[in-house]
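Some notes on the structure that comes next.
The values are calculated or read from the model by the stated rules, or taken from the named source; none is laboratory data. The structure displayed is predicted, hence computed values, not measured ones. We place every Cβ from the backbone using ideal geometry, glycine too, and count neighbours over all the protein chains shown. Heads up: the accessible areas ignore ligands, DNA and RNA and are worked out on the full protein's heavy atoms, side chains in. Shrake-Rupley method; radii C 1.70, N 1.55, O 1.52, S 1.80 Å.
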Amino acid sequence: MADSEHPRLILHNFLPLDLCKELEFIHKSCCTVGYRPNVFSTTLSHLIATNCAHFIMPIIPIRERLREKAEEYFGCQYELFVEFTGLISWCRGASIGWHSDDNRPYLKQRDFAAVCYLNSYDADFKGGIFHFKDGEPADIVPMTGDVIMYTADDRNIHSVDEITEGERITLTLWFSRDASYDEDPKLISSLSQDLLGVAESKLHSYIPVPGSINMYWFPPDKASSFSSGFDIRCGRLCVLGFDIYPFQKTFHLSESESSYNLLEFLSGPLLIARESKMFEPQFLNIMHALQMVQFYLWKFSNLKTKVGGTSPNITTTSQTQKTEIDHLKSVFLKDLQLAERFFGHSKPIKDMEYEFDWDTFSAAVLEWECYVLKLQKELVLHLPHWKTNQSIFFVELGDLED
């Protein structure tokens, strides 16, 4: 699809829609402040470090397919190693000018790139069109499921237009011919440590564990003082219409709290509220609550019929509780308008206002647990094969259990 001077490949509908939605759920549940202004990222190492290693399982098969396709198209069969795998989103104001992906001394190991679009231009975000400086095709309009592959050197200098609305989400990989940059051995080592407790039936082994609050505070240059900006987890919940409330009624935060106290609060049990109602079952921390809300949005928010069989404990929020909720917003959402500009414009969020009900949300809580336990089982079964080969790859479940 490109001349030899500018080797690149465009693959339409390479990723199925359901996988794109699943990866979007994972990213919005787990991401941290990213490497560029107004960019957020979810790396495989971060998933492992926050007790979310099971979320790498949906990524593994497509990761293999992308590497095989790159080796086939660029004529380097069995030569490539995955140097980086990450879910990345660009929000309003994010852009990048002309560059190649190996344009720094510490990036010279990168030989090829693969960018997989998980949502679509116009429908989910404005701006964000990808441009190649030379060769054809020159302009790439992101569409869900499409993939672009290209050499990381100056044969494929490119830029990305500024995002003007919404959130542009990709699965991005870089490949290297240099085995010393293979990310798999380090990931396998981290996984081996992370899953030691799982084999011993560790309590709540599937519950996410938040990292340092600095990783989630935007803008990052305000993460030391928290004088302005917002916690991106609280921001995502808020634009979806949810608030947090302390499970321990005596816990109180001032607006000038230390990072330790803020982390302690968000790492502890919470309740969530929506409008004038409180969902009484507790979530073990902010990441647990955010995953549940994002899972509901992914799996249940567009159901046309009400889910029965659940009896959630829903109470009406008191005036005292509303006051505390507003106080927590003042602590964690110092710039609510900025959070709304970043996270508040995708179509599913608008639809959710009309679809939400607590019975269906309660059903999603139960289904989420089944989902993560299934992924965790797959991960535990895969890990011995990965350790033996020092490589991460997908194995059919039947072969694992033989």
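The table below gives the values:
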{"read-out": "Options I59, F332, A223, ranked by Cα towards positive dipole end of the chain, top entry (Cβ charges)", "value": "F332"}
{"read-out": "Rounded if a/c under 1.5, otherwise prolate or oblate - region 56-117, Cα gyration tensor axes", "value": "oblate"}
{"read-out": "Accessible surface, per residue, of the chain when the full set of protein chains is kept, probe 1.4 Å, Å²", "value": "43"}
{"read-out": "Share of carbon and sulfur in the accessible heavy-atom surface of the chain [1.4 Å probe, %]", "value": "51"}
{"read-out": "Dipole moment magnitude, nearest 20 debye, the chain about Cα centre, only Lys, Arg, Asp, Glu C-beta charged", "value": "980"}
{"read-out": "Overall form of region 11-164 per C-alpha gyration tensor (a/c, 1.5; a/b vs b/c)", "value": "rounded"}
{"read-out": "Karplus-derived HN-Hα couplings along region 57-63 (A = 6.51, B = -1.76, C = 1.60, θ = phi - 60°), whole Hz, x at Gly and Pro", "value": "4, x, 7, 4, x, 6, 4"}
{"read-out": "Cα gyration tensor shape for region 75-217, rounded if a/c is under 1.5, else prolate or oblate", "value": "oblate"}
